[in-house]
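To keep things clear, I will list the structure first and then write my remarks on it.
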Amino acid sequence: MKAALTTGRNGAMKSSFAIEYNGVEATGIIANDSDSFTWKDNATGEADTLTISLSNIGRKWMDGFYPSENDVLKAWIQVEEWAADYGNGRIYCGQFQVDSLKYTGWPEKLQLSAISVPVNSDFNVKQKSRTWEATTVKTVLGDIAGNAGIELVYDADDCNIDSISQSGKTDLSFAYSLCSEYGLSLKLYNNKMVAYNQTDYEKKGPSYSISHSSLGGSGAYAITSNITSVYDSAKIQYTDGNGDTLSYEYTIPGKAGNRQMFISAKAESYGDAEIKAKAALRDNLRKSKSITLKVMGSAKYIATQCFDLIDFGKLSGKYFIDSVTHAKSAGNYTCTIVAHPTVTDF
């Protein structure tokens, strides 16, 4: 079934969402019953989610339209005649599978939640133990994606691995941890598993700017900075091919190296240790400062993009979007952006 919920303001600005359900179009079935729509677009670390609130008058969604766990949804957001530089646009949210159903009363409601993880496989539920020998990061991720029946998109340099074991982890959690160790990010989108070098993405130019003067209303922004939790160097111990235990230390250029992080991880060589030490320090810096912005909804806001933050004093600069939550409710369309300053110096 394919349907659209459209709302306007002052008869001009319009925003709508469209849903395709199991590849079949239907007339207004979801649109007529829906009063809110939320899509969370994540850059890495979490699957994308889709939530639709539906009126369940006459218990319609408990009977003939009862959703199944195998149901597949595709979603889009469309804006028309939007204000300022927001313009017109259409964004494809991706493909999702039904994840949970929450029925409430009164009034009779159904909250339908869907997720970008393939729920009809053991991808994120079965704990597995297996080992790869003489392999690469891309090969391991390709095997995991193939087992889940999804496509791997790999946008990074590959890394050789002598031996690696998945010990009692689900495929999803193991894939996330593997990417994290090698400084990669992992996004699940549209029946694909996308692994990419986040540092390369953060080096890209800003897609747009967001200024202090463009924000307004209660809760328009929040900025947090965890100063005492920031490290400026890392040390990792590893065993080389001869069985000797060696150590590697890395200090961020221009820093004193007084605040050292110890990394408890396997490393197979000097080069491997360097990759993992830098990855851990970048992750620490990215988590040390965060900004949340609530703005007028727009199809232009996408996770993994960079933007310039303007008129925030020493907090101004280029930021990378970790997540965007697109929400439509009661005729309003807003986006909540979570981002961090880009980390590209090393």
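The values are calculated or read from the model by the stated rules, or taken from the named source; none is laboratory data. All values derive from a computational prediction rather than experimental measurement. Positions of Cβ are generated from backbone atoms using ideal geometry, with glycine treated the same way; all protein chains shown enter the neighbour counts. With ligands, DNA and RNA removed, areas are computed over all heavy atoms of the protein, side chains included. Shrake-Rupley method; radii C 1.70, N 1.55, O 1.52, S 1.80 Å.
Before moving on, here are some points about what is shown:
- FRET efficiency for residue 158 and residue 334, using Cβ-Cβ distance with R0 set to 41 Å, rounded to 0.05: 0.55
- Residue 344-residue 35 pseudo-label distance in nm [points 7 Å out on the Cα-to-Cβ vector]: 4.5 nm
- Between the Cα long axis of helix 171-181 and the first principal axis of the chain there is an angle of about 50°, rounded to the nearest 10.
- At 1.002 mPa s and 20 °C, Stokes D of the chain from Kirkwood alpha-carbon radius, µm² per second: 96 µm²/s
- Spacing of the two label points (7 Å from each Cα toward its C-beta) at residue 256 and residue 111, in nm: 4.9 nm
- A simple charge model with +1 on the Cβ of Lys and Arg, -1 on the Cβ of Asp and Glu and nothing else charged puts the dipole of the range 87-198 at about 480 debye relative to its Cα centre.
- On Cα atoms only, tilt of 270-288 relative to the major axis of the chain in degrees: 40 degrees
- Shown is the FRET efficiency for residue 244 and residue 139, computed with R0 = 22 Å from the Cβ-Cβ distance and rounded to the nearest 0.05: 0.20.
- Normalised by the number of residues in the chain, the mean separation of alpha-carbon contacts (under 8 Å, six or more apart) gives a relative contact order of 16 percent.
- FRET E, pair residue 274, residue 62, Förster distance 45 Å, beta-carbon r, rounded to 0.05: 0.20
- Lysines whose Cα lies under 27 Å from that of residue 14, excluding same-chain neighbours fewer than 8 positions away: 2, 40, 74, 109, 294, 300, 328
- Expressed as a whole percent, the accessible area of the range 279-346 that falls on carbon and sulfur atoms is 50 (1.4 Å probe).
- Positive dipole terminus of the chain, leading residue within 248, 201, 51 (C-beta point charges): 51
- Sorting 90, 286, 130 by solvent-accessible area of protein heavy atoms yields 90, 130, 286, largest first, with a 1.4 Å probe.
- Helix-only mean residue ellipticity at 222 nm for the chain, each DSSP H run of n ≥ 4 adding -39500 (n - 2.57), per residue, nearest 500: -4500 deg cm²/dmol
- Karplus-derived 3J(HN,Hα) values for the range 192-204, using 6.51 cos²θ - 1.76 cosθ + 1.60 with θ = phi - 60°, are 10, 10, 10, 9, 8, 7, 5, 4, 4, 5, 6, 7, 5 Hz; glycine and proline are entered as x.
- Full-extension gain in nm, residue 129 to residue 224, via 0.36 nm per residue minus C-alpha separation: 30.3 nm
- For the chain, a simple Cβ point-charge model (Lys and Arg +1, Asp and Glu -1, everything else neutral) yields a dipole of about 960 debye relative to the Cα centre.
- In degrees, nearest ten, helix 137-148 long axis to first principal axis of the chain (Cα): 40 degrees
- Beta bridge orientation in the chain: antiparallel %, DSSP, nearest 5: 90 percent
- Placed amide H near residue 209: partners under 5 Å, 5+ positions off or other chain: 308
- The residues of the chain present an accessible area of 47 Å² per residue when probed at 1.4 Å with all protein chains retained.
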